[in-house]
């Protein structure tokens, strides 16, 4: 959709969110690990931060694991009323490398201005560092649980290979 006459179209924004704090119950497969109570609260705080900073997504790309789906659901509650993004659960976000995550993003609808990707370490932190190579703004340990990295994207999604890190935030309730 084209901006109104005289309106400035906002830049594309990629928000990377590492899932919130998850439990490690004995005998539960990794993909089925649930969030802790703190994890749910931190994810809601991440959603509130996204709204306060005006980073409400048009598209959410989420790992299908239980902890990332629960992270998204808690974020979504905080976004309530601020927008209704399209949500895609993508297996490569759970199993893949930073390059696999980048391929998922490159398939995003070109009309989307803000994309939120919810995933796992180490690939999500590696992707953030890869996109802002030489930027030096991120945490050397990568994204912590419920950590957000906001990148400004100067290209189309399909040709994304670099994006400056605009800000980083770790949500805590």
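Oblate is the label for region 8-65, because the ratio a/c of its alpha-carbon gyration tensor axes (a ≥ b ≥ c) is 1.5 or higher and a/b is not greater than b/c. Note on the chain: with a GNM built from Cα contacts shorter than 10 Å, the maximum mean-square fluctuation among 118, 28, 93 falls on 28.
Based on Cα contacts under 8 Å between residues 6+ apart, the chain shows a relative contact order of 31 percent. Comparing mean-square fluctuations of 82, 163, 22 from a GNM of the chain with C-alpha springs under 10 Å, the top value falls on 82.
Remind me, relative contact order of region 91-169 in percent, using alpha carbon pairs under 8 angstrom and six or more residues apart?
Numbers: 91 pairs, mean separation 25.6, N = 79.
32 percent.
Would you order 67, 91, 12 from fewest to most other beta-carbon atoms within 10 Å of each residue's own beta-carbon?
Values: 67 25, 91 13, 12 21.
Ascending number of Cβ neighbours within 10 Å: 91, 12, 67.
Under a Gaussian network description of the chain, with springs only between Cα atoms under 10 Å, the residue in 131, 61, 160 that fluctuates furthest is 160.
Label region 74-124 by shape, choosing from rounded, prolate and oblate, from the square roots a ≥ b ≥ c of the eigenvalues of the Cα gyration tensor; if a/c is under 1.5 it is rounded, and otherwise prolate applies when a/b is larger than b/c, oblate when it is not. It comes out oblate by the Cα gyration axes. Taking the fewest neighbouring Cβ atoms within 10 Å as the starting point, the ordered list for 36, 159 is 159, 36. How far is helix 66-79 tilted, in degrees, relative to the longest principal axis of the Cα atoms in the chain, given as a value from 0 to 90 rounded to the nearest 10? So the inclination is approximately 50 degrees. Placing a label point 7 Å from the Cα of residue 32 along the Cα-to-Cβ direction, no residue of region 71-95 has a backbone N closer than 16 Å. Overall form of region 42-141: rounded. Here a/c, set by the Cα gyration tensor axes a ≥ b ≥ c, is under 1.5. Summed over qualifying helices (DSSP H, 4 residues or more, each -39500 (n - 2.57)) and divided by its residue number, the chain shows a 222 nm mean residue ellipticity of -9000 deg cm²/dmol. The angle between the Cα long axis of helix 37-52 and the main principal axis of the chain comes to about 10°, on a 0 to 90 degree scale.
Bear in mind these aren't lab numbers, they're just calculated from the coordinates by the rules spelled out. This one's a predicted model, so the numbers in the text were calculated from it and none came from an experiment. Virtual Cβ from ideal backbone geometry, glycine too; neighbours counted across all protein chains shown.
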